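The values are calculated or read from the model by the stated rules, or taken from the named source; none is laboratory data. Here the structure is a predicted model, which means the values were calculated and not measured. Note that each Cβ is placed from the backbone with ideal geometry, even for glycine, and that neighbours are counted across all protein chains shown.
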Amino acid sequence: MNLRDLKYFVALADHRHFGKAAEASFVSQPTLSMQIRKLEEELGVSLVERTSRKVMLTPIGFEMLTHARNVIDETEKMRNLARSSQDPSTGSIRLGAFPTLGPYFLPLAVPAIRAAFPKLELFLIEEKSDVLVELLKEGKIDAALLALPLHDERITTVSLFDERFLLAAPEADPIATAKHVRTSDLNDQSLLLLEDGHCLRDQALEVCRMSGARERAGFRATSLETLRQMVAAGMGMTLLPELAVRDGQPHPEGMVVRPFDDPQPVRTIGLAWRASAPSAKFLEQIANVLREKAADVLSQ
């Protein structure tokens with residue numbers, strides 16, 4: 001029995017399809033199938049039930065899956081521990097970010113990280129916040145840019161910066177004539193929001209709750225770009241994070257952006273990693289680089 005075969009088995013359990021599992025494991029389907037057979041012969045049990053349509057785990061397969069995952073997790077912890085005894089800045093970091101932040105902050109942050117740690121290999125992953133949290137806890141990424149607070153004792157977070165929300169409105173809307181707006185101006189207004197799963201939606205709903213605004217019924221966008229275009233088309237107002245509307249970002253004709261008077265609605269962005277991560281001290285250095293870069297950008 002070897003670790004490679006256990007990983008093949010876990011991949012097959014996750015995908016329930018030999019072809020997809022082989023593709024995810026970067027091997028041919030015959031190779032993966034042969035190694036699963038070999039593992040079954042070594043254990044003396046059938047781990048999967050093969051049908052013409054799909055793959056199902058046998059009862060003992062389900063039990064074995066838990067142990068296989070534990071073995072792989074513990075092995076990864078051993079590797080991380082070994083890497084931490086060396087210089088982490090010469091290794092690799094898997095960094096996640098959510099969609100309403102990543103496209104706007106990472107192009108600014110990554111060059112700063114590379115300048116500070118030129119030998120570091122950086123892998124970037126963009127997913128919704130709840131997915132990033134699960135990837136983080138499963139050890140599939142090393143750190144993630146997330147909106148705070150995050151209440152999970154298994155995850156350590158440090159604050160990086162506060163990002164203001166700005167009001168995006170059709171240029172024909174009376175509210176667009178003001179140079180600044182107040183959150184009270186949103187009272188009884190309906191706002192265009194993102195679909196479920198985006199943390200920006202939750203943050204915007206909190207602003208709605210404080211200001212007396214409400215979500216526009218019958219509409220939920222899948223991206224900030226969709227929100228921008230709908231505002232430009234005169235469909236309504238929305239809240240956009242500051243980095244998404246700074247100089248150089250798309251600004252469709254027909255949409256105006258107005259800042260809020262104090263107290264301004266903001267979201268706090270932080271860096272998160274597993275509390276048990278052996279590279280915690282190095283991730284704190286990464287956080288310092290990100291914090292300094294954000295302060296420089298947001299002060300302009």
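For the reader, a short list of remarks on this structure follows.
- Flag for L191 being closer than 26 Å to G270 by Cβ and surrounded by 20 or more Cβ atoms within 10 Å (Cβ to Cβ): yes
- Counting the residues of segment 133-147 that are among the β-branched types (V, I, T) and either without any contact (Cβ under 8 Å) to a residue 12 or more places away in the chain or over 17 Å from E76 (Cβ atoms) (or both) gives 1.
- Summed over segment 88-110, the residues that are loosely packed, with under 14 Cβ neighbours inside 10 Å and either part of a helix (DSSP H, G or I) or free of Cβ contacts under 8 Å to residues at least 24 places away in the same chain (or both) give a count of 2.
- S85 loosely packed, with under 13 Cβ neighbours inside 10 Å, over 22 Å from H15 (Cα atoms) and modelled with pLDDT under 95: yes
- Scope segment 194-227; condition part of a loop (DSSP other than H, G, I, E, B), surrounded by fewer than 20 Cβ atoms within 10 Å (Cβ to Cβ), at pLDDT 85 or above and not hydroxyl-bearing (S, T, Y); matching residues: E195, G212, R216, F219, R220
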